[in-house]
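K.L.:
Dumping the structure here so I can ask a few things about it.
The values are calculated or read from the model by the stated rules, or taken from the named source; none is laboratory data. Remember, it's a predicted structure, so these values are computed and weren't measured experimentally. Cβ placement follows ideal geometry from the backbone for every residue including glycine, while neighbour counts extend to all protein chains displayed.
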Amino acid sequence: MKPPSPSIQPNPLNQIGSANDQQILLTSGGTIYITRYARAHITFDGGMTWTTYPINYNSYAQTADPAVSFDADGTAYLATVGALNSQNPNGIGSATAPDIIVVRSSDGGRTWTNPVRVASGSGSPAKGSPGVVNDKDYIAAWGHGNAIVTWTVFNQGIHGSYLSSPIFASATHDGDVT
């Protein structure tokens with residue numbers, strides 16, 4: 001079977017760059033609040049101007065390490081790691097092991113779907129519990145509604161000890177519906 005040809009974004013003036021956005025707030029009482037989200041920066045004029053449009057990550061309190069790709073129809077896919085967290089009394093975030101999630105935009109990045117969970121993490125890395133830490137996500141899209149996400153599964157033992165780190169992949173052929 002011949003591999004698919006790389007797709008070209010039908011509108012080359014529409015580009016999306018993605019980056020981590022971390023903000024730290026220190027209150028007058030000494031409490032630290034941290035927000036960390038993957039953002040998509042969009043241009044419709046070939047990079048002359050850029051705008052950040054909101055992505056609703058629903059219950060995910062942290063997202064990071066985004067990767068983005070367009071299919072041949074101009075649908076954008078953004079993969080990221082997403083974790084739930086809470087602020088403890090010392091102000092340090094206590095996060096769950098990250099999931100791999102994907103959001104999609106059919107209007108060049110102006111609006112994004114709710115996140116679809118591709119893989120679930122388990123345990124709490126901050127507490128050193130055994131579990132699965134998903135990381136190092138990457139996404140590529142091609143054709144009409146096809147995308148593949150790859151990521152590393154870091155299997156951790158007691159106190160965060162290293163067990164293994166296989167690489168996984170998951171593909172959609174229906175535009176991120178399944």
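K.L.:
How many residues are modelled with pLDDT under 95 and hydroxyl-bearing (Ser, Thr, Tyr) when one looks only at segment 76-97?
P.N.:
Going through segment 76-97 one residue at a time, the tally reaches 3.
K.L.:
Being touching a Phe, Trp or Tyr at 6+ places or on another chain (Cβ under 8 Å) and either closer than 15 Å to residue 138 by Cβ or not in a loop (DSSP other than H, G, I, E, B) (or both) is the filter here, so list the residues in segment 50-63 that pass it.
P.N.:
Selection gives 53, 62, 63.
K.L.:
Can you confirm whether segment 137-154 contains a residue that is within 19 Å of the chain's Cα centre (by Cα), outside any strand (DSSP E or B), within 23 Å of residue 55 (Cβ to Cβ) and of a type in the set (D, E, K, R)?
P.N.:
Checked segment 137-154: no residue is within 19 Å of the chain's Cα centre (by Cα), outside any strand (DSSP E or B), within 23 Å of residue 55 (Cβ to Cβ) and of a type in the set (D, E, K, R).
K.L.:
What residue, among those in segment 98-125 that are in contact with a Pro (Cβ under 6 Å, 6 or more places away or on another chain) and assigned to a loop (DSSP other than H, G, I, E, B), is modelled with the lowest pLDDT?
P.N.:
Checked segment 98-125; the qualifying residue modelled with the lowest pLDDT is 123.
K.L.:
Only one of (1) more than 21 Å from residue 38 (Cα to Cα); (2) among the hydrophobic types (A, V, I, L, M, F, W, C); (3) touching a strand residue (DSSP E or B) at 6+ places or on another chain (Cβ under 8 Å) is not met by residue 158, so which one is it?
P.N.:
Against the list (1) more than 21 Å from residue 38 (Cα to Cα); (2) among the hydrophobic types (A, V, I, L, M, F, W, C); (3) touching a strand residue (DSSP E or B) at 6+ places or on another chain (Cβ under 8 Å), residue 158 comes up short only on (3).
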